[in-house]
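One structure is given below, encoded as structure tokens.
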Amino acid sequence: MSVRLDGDAIRLDGPARVEDAEPLLALLHEGPGRTVDLDGAGPLHAAVVQVLLALRPPVRGTPADPFDARWLLPLLGPGS
Amino acid sequence: MATTVLIVDDSKLARIVAGKAIAALQPDWTRAEAGNAEEALARLAQGGIDLAVLDYNMPGKDGLTLAAEIRAMHPAMPIAVITANVQDEVVARARAVGATFVPKPVTEEALRGFISGAALRLRAGR
Amino acid sequence: MSELLEQFLVESRELVQAAADDLLALESAPGDPARLDGAFRAVHTLKGSVALFDLAPMGAALHAGEDLLDALRRGAVAPDRAAMDALLALLGASEAWLDAFAADGRLPDAAAADGRALEAALRARLPGNAPAQPAPLPAASPDWLPALLEREAAAIAPARAEGRTLAALRYVPSPDCFFLGDDPIAIIRALPAPVALHLAQREPWPADGPDPFTCNLVIEAVFAASEAELRQGLRLVADQVALAPVPAPAAPPAPSSSSRGLRVDAARVDALVDLAEELVVARNGLAHLVARVGEENPALARALAESEAGIGRLAERMHRAALGLRLVPLGRAFARLPRLARETAGGLGKEIALSVAGEAVEADRAVVDGLFDPLLHLLRNAIDHGIEPPEVREAAGKPRAGRIALSAAREDGWIAVTLSDDGRGMDPARLRAAAKARGVADDAAIDAMDDAAALDLVFRPGFSTAGTVTAISGRGVGMDAARAAVDSLGGRVAIRSAPGEGTTIRLLLPAGAAVTGVLTVRAGGELYGIPVDAVAETARLPASAILPLGAGEAFVLRGRTLPLLRLAGLLGLKPAPRGGTARLLVTGGAERAALEVEGFGGRLDVLLRPPQGLLRGLPGLAGTALLGDGSALLVLDLPDLLARGGAA
């Protein structure tokens, strides 16, 4: 997967692997208000989910993987 | 120095297959090979090995026993044990020595988790 | 007996029955989680209650049973025949121990050894790495489960309501699992049928954000799958996951123990019934007095008669209502039969399929209580002598398992209980031969019997045609004792059978005592009662209206000629001389006849009791009734009497 900055949003493209957690963390630290866009994201690795849970950035888009969309997304939303 | 993987399997064919899978995941890593436990330990003694992938089903000392011996000398080295034999005892023994269990057939996907994790650990360790 | 002890006995017996029902249901629906759960809970509760009394061997055996049932419902052990046999043996022993405890206040001497044997048999079925565990704390629910269930209640509720099997897990991945290549989310993603998922941190997140290389997650989830299925997908991380079944919602209370019901001491109901009966009898005494007043003060007599009639109606209704309290479903007598039938069949190497119907039909408690023993005898006989061994049945093109059907139905004022089987049937010729050989009756009488009567020979004492006398049904002791028991309940037993056509045994039992209206009459100087239903009308005729007809007499009533019989004659009594007037009653029914009596008494409402003791077997006797003055009235069975008297 690639973790890249697109304007002021962080885009996750393709399956999120363990090594993607670090770059995601770095990008969020640099821009604390940034939104994370999951529209192109494949199945999320626990390390990536962990970063999103810990920092709770605003999240938008729907991951392609049905499990992620149904069960993970609600946990990552605001005030979960 | 490039990250070096030691692949241990009594079958040359199996060593090639594992080598290819690792190369696909980490093209710039170096691969070393051994055909049995003695050769593996000898190669390890020479130094420069960063992680090991061991076949469980070898004549003489099996992969788990070898893993235990390697673990004793290298407390933090990522070790994977490959086997088609997914029995609870095997899994438990692997866990006991902190080795990752990789099911056959050995493909990119099968190894991906271990290799990613190992890469992570090696990076973190540096 | 203390109230606590009584309560314990009642509930414990119910628990044993409930567990047995669940286990037997598992034979046709193996692995049904609701049944396994039900059996487990019943045994678990029973074990707990037993601990209140000095019943150590029973408690230990139940503990082993509980462990086995737990292993079964967790999927760690397969519900095979050996496990079922061991559990049913435990229940059978528990029942016997409860009886002994009730009778003697302690367990029989053999209980310790028997208990150990049961324990061994049960524990032998447990997986090898589960040695007898020390008594676990009650309610072995893990401490994380209640909070999880509460939090996910809304998500779980629909699946729970559908009765699906649910299991919960708590997965705490080891902090360095990423290095080992584990992805905990991927592992959860691969499990079947998620119902709820929750993620939380194991430790507080570090102030500057999570360490991307360390797993700090706690995953709690619920799945609509069994623990066994989940365990499969969690094998690689089994040491980091705790699994627990989600208990099913408490089953709705069975109708018999619903809050609308009331447990009443049987003795109290009996006392009420006795009082109601006394009232009926006392009211009859009032009727006599009213009759006496009638001569002196007709106006007062009329008023009193009305009042007496009203009291009579009330007394009758009250009696019926009180009797109704004594009504219990026949299911009580049937309940233990399936398990005992299975045991009997197993012991004889036979296979049977027993179907039971009509459990809801109600009858008087005494009848239902008294039915169990004879039914058991008859059932055992059917399995022993009626149903052929499986190979023989197969060779004959029958299903291996013998079909036995037990059913109950109401027929007018009677309860008909039918036991039929598709076994080898009974051979009248063989029965005759055996009866002669055993000298059960004299040869001439036996030869004179028709086939139906020959079948009846099995009920004679000392009769058994079995090639081998088995311990199960013995020397035909069961059959004659069974008939005697049914007789004493006021009922009858009849057999229909033919070689190769199976056997049907029909029991007719009185539904219960009832108030019967009788007309009292004098014959041969004695007072008798005749059920009002049997009488079409009464009449007084001048003696001259009676005409000779052949060997008897007749008279003409509204253009019809009716034969006339003397009731005294039918009863074998010397008739009093006829005066100028003949008093007759005309019988109801298709074949009209007239009975001459010496006088009419009044109409009474009496409680008809089936003939007991010496009166049993007297022809033409329907029963007896107690009169207001304490004397007993013989009530006649007119159709029977007329049939024997050979009405023209």
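Every number here is computed from the coordinates shown, using simple stated rules; none is lab data. This one's a predicted model, so the numbers in the text were calculated from it and none came from an experiment. So basically every Cβ, Gly included, is an ideal-geometry build from the backbone, and we count neighbours across all protein chains shown.
Taking 8 Å as the Cα distance limit and 6 or more residues as the minimum spacing, I'd like the relative contact order of chain B as a percentage.
Dividing the mean separation by the residue count of chain B yields 25 percent.
Taking the DSSP beta bridges in the protein assembly as shown as the whole, what percent of them are antiparallel, to the nearest 5?
70 percent
Residue by residue through B:112-124, how many Cβ atoms from other chains fall within 10 Å of the Cβ on average?
Across B:112-124, the average partner-chain Cβ count within 10 Å equals 6.
Taking the highest mean first, how do the peptides C:340-347, C:145-152 order by number of other beta carbon atoms within 10 angstrom per residue?
C:340-347, C:145-152
Can you find, among B:47, B:91, B:8, the residue farthest towards the positive end of the dipole of chain B? Put +1 on the C-beta of Lys and Arg, -1 on that of Asp and Glu.
Toward the positive end, the furthest listed residue is B:47.
How large is ³J(HN,Hα) for each residue in the range B:97-110, as worked out from phi by the Karplus curve 6.51 cos²θ - 1.76 cosθ + 1.60 (θ = phi - 60°), to whole Hz, x for Gly and Pro?
Coupling constants for the range B:97-110: 9, x, 9, 8, 9, 10, x, 7, x, 7, 10, 3, 4, 4 Hz.
Out of C:232, C:554, C:248, whose Cα points farthest toward the positive end of the dipole of the protein assembly as shown (charges: +1 Lys, Arg; -1 Asp, Glu; placed on Cβ)?
Positive-most Cα among the choices belongs to C:554.
Report the charge-dipole magnitude of the range C:49-207 in Debye, nearest 20, computed about the Cα centre from +1 at each Lys and Arg Cβ and -1 at each Asp and Glu Cβ.
Dipole about the Cα centre, nearest 20: 460 debye.
Rank B:84, B:34, B:52 by mean-square fluctuation in a GNM of chain B with C-alpha springs under 10 angstrom and give only the top-ranked residue.
B:84
Hey, if you drop one equal point scatterer on each alpha-carbon of the range C:3-124 and run the Debye formula without solvent, what base-10 log of I(q)/I(0) do you get at q = 0.19 Å⁻¹?
Log-scaled intensity ratios, in q order: -0.95.
Just to check, using Stokes-Einstein with a Kirkwood Rh over alpha carbon pairs, what's the diffusion coefficient of the protein assembly as shown at 20 °C and 1.002 mPa s in µm²/s?
Stokes-Einstein gives a translational diffusion coefficient of 61 µm²/s.
Suppose every K and R has +1 on its Cβ and every D and E has -1 on its Cβ; what is the size of the dipole of the protein assembly as shown about the Cα centre, in Debye to the nearest 20? Present the calculation step by step, with values, prior to reporting the outcome.
Values: 86 positive and 106 negative charges, 357 e Å.
Roughly 1720 debye, rounded to the nearest 20.
Quick check on chain C: helices-only [θ] at 222 nm, where DSSP H runs of length 4 and up contribute -39,500 (n - 2.57) each and the sum goes over total residues. Nearest 500, please.
Rounded to the nearest 500, the figure is -13500 deg cm²/dmol.
Ignore the peptide's own chain and count Cβ atoms of other chains within 10 Å of each Cβ in A:70-76; give me the average, rounded. Show your work: numbers first, answer last.
On the way: counts 2, 10, 5, 0, 1, 4, 1.
Per residue, the number of nearby Cβ atoms from other chains is 3 on average.
For chain C, how big is Rg over Rh, using alpha carbon atoms and the Kirkwood form of Rh?
With Rg and the Kirkwood Rh in hand, the quotient comes to 1.13.
With the Cα gyration tensor of the range A:2-76 giving a ≥ b ≥ c as the square roots of its eigenvalues, does the rule (a/c under 1.5 for rounded; else a/b larger than b/c for prolate; else oblate) give rounded, prolate or oblate? Kindly include the intermediate steps, with their values, before the conclusion.
Values: a/c = 1.42, a/b = 1.38, b/c = 1.03.
Judged from the Cα gyration tensor, the range A:2-76 comes out rounded (a/c under 1.5).
Would you mind putting B:94-104, B:112-122, C:103-113, A:31-41 in packing order, based on average other-beta-carbon counts within 10 Å, highest first? Could the numbers behind the result be given before it?
On the way: B:94-104: 19.8, B:112-122: 22.5, C:103-113: 12.9, A:31-41: 16.5.
Descending mean neighbour count gives B:112-122, B:94-104, A:31-41, C:103-113.
Based on the alpha carbons, how large is the Rg to Rh ratio for the range B:61-124 when Rh follows Kirkwood? All intermediate terms of the calculation are to be shown ahead of the outcome.
Values: Rg = 11.6 Å, Rh = 12.1 Å.
Rg/Rh for the range B:61-124 comes to 0.96.
Net charge near residue C:47, counting Lys/Arg +1 and Asp/Glu -1 over other residues with Cβ under 12 Å of its Cβ?
Surrounding charge for residue C:47 is -2.
Under 5 Å between amide H atoms, partner at least 5 residues away or on a different chain: which partners does residue C:216 have, H built in plane at 1.01 Å?
Amide H neighbours of residue C:216, under 5 Å, 5+ apart: none.
Give me the inter-chain shielding for A:57-68: mean count of other chain Cβ atoms within 10 Å, whole number please.
1
In 5 Å bins starting at zero, report the fraction of Cα pairs in the range B:4-125 per bin as a rounded %.
Per 5 Å bin, starting at zero, the Cα-Cα P(r) for the range B:4-125 comes out as 2, 12, 25, 28, 22, 10, 2, 0 percent.
log10 I(q)/I(0), Debye, Cα-only the range C:515-645, no solvent, q = 0.12, 0.13, 0.18, 0.22 Å⁻¹?
Each listed q maps to, in turn, -0.44, -0.52, -0.99, -1.43.
Pick out the long, greasy-scoring helices in chain C: whole DSSP H runs spanning 15 Å or more along their own axis by Cα, mean Kyte-Doolittle at least -1.0. The partial results should precede the final answer.
Values: long enough: C:3-28 (38 Å, 0.28); C:33-50 (25 Å, 0.04); C:56-74 (27 Å, 0.05); C:81-104 (34 Å, 0.80); C:111-124 (19 Å, 0.27); C:266-296 (46 Å, 0.48); C:298-325 (40 Å, 0.16); C:337-348 (16 Å, -0.05); C:365-381 (25 Å, 0.43); C:477-488 (17 Å, 0.40).
Answer set is C:3-28, C:33-50, C:56-74, C:81-104, C:111-124, C:266-296, C:298-325, C:337-348, C:365-381, C:477-488.
Tell me, what HN-Hα J-couplings in whole Hz come from the Karplus equation 6.51 cos²θ - 1.76 cosθ + 1.60 at θ = phi - 60° for each residue of the range C:593-601, using x for Gly and Pro?
Residue by residue, the range C:593-601 yields 8, 10, 10, 8, 10, 8, x, 9, x Hz.
Once the piece of chain linking residue C:103 and residue C:592 is laid out straight, how much longer is it, given 0.36 nm per residue of separation minus the C-alpha distance between them?
This chain segment gains 170.4 nm when fully extended.
Got a sec? Charge dipole of the protein assembly as shown, +1 on Cβ for Lys and Arg, -1 for Asp and Glu; which of C:24, C:490, C:272 is way out at the positive end?
C:490
Across the range C:1-56, what fraction of all alpha-carbon pairs, as a whole percent, falls in each successive 10 Å bin from zero upward?
Going out from 0 Å in 10 Å bins, the range C:1-56 shows 25, 44, 23, 8, 0 percent.
Between the range A:12-61 and the range C:7-49, what is the C-alpha centre distance in whole Å?
For the range A:12-61 versus the range C:7-49, the Cα centre distance is 52 Å.
With a sphere of radius 13 Å drawn around the Cβ of residue C:209, what net charge do the other residues whose Cβ falls strictly inside it have (Lys, Arg +1; Asp, Glu -1)?
For residues surrounding residue C:209, the net value is -3.
Once the other residues with Cβ under 13 Å from the Cβ of residue A:6 are scored (Lys, Arg +1; Asp, Glu -1), what is the net sum?
0
Nothing charged except the Cβ atoms of Lys and Arg (+1) and of Asp and Glu (-1): what's the magnitude of the dipole of the range B:4-125 about its Cα centre? Round to the nearest 20 debye.
260 debye
List, in order, the whole-Hz ³J(HN,Hα) value for each residue of the range C:540-557 obtained from phi through the Karplus relation with A = 6.51, B = -1.76, C = 1.60 and θ = phi - 60°; use x for Gly and Pro.
For the range C:540-557, the Karplus curve yields 10, 10, x, 4, 5, 7, 8, 10, x, 9, x, 7, x, 10, 8, 8, 10, 10 Hz.
Check residue C:546: other-chain or 5+ apart residues with amide H under 5 Å from its amide H, H built from backbone geometry?
Answer set, sorted by chain and number: none.
Would you grab the residues whose amide H sits under 5 Å from the one on residue A:64? Only those 5+ places off in sequence or on another chain, please, with H modelled 1.01 Å from N.
A:41
Which semi-axis lengths, in whole Å and largest first, follow from the square roots of five times the eigenvalues of the Cα gyration tensor of the range C:322-377?
With the √(5λ) rule applied to the range C:322-377, the semi-axes are 27, 11, 6 Å.
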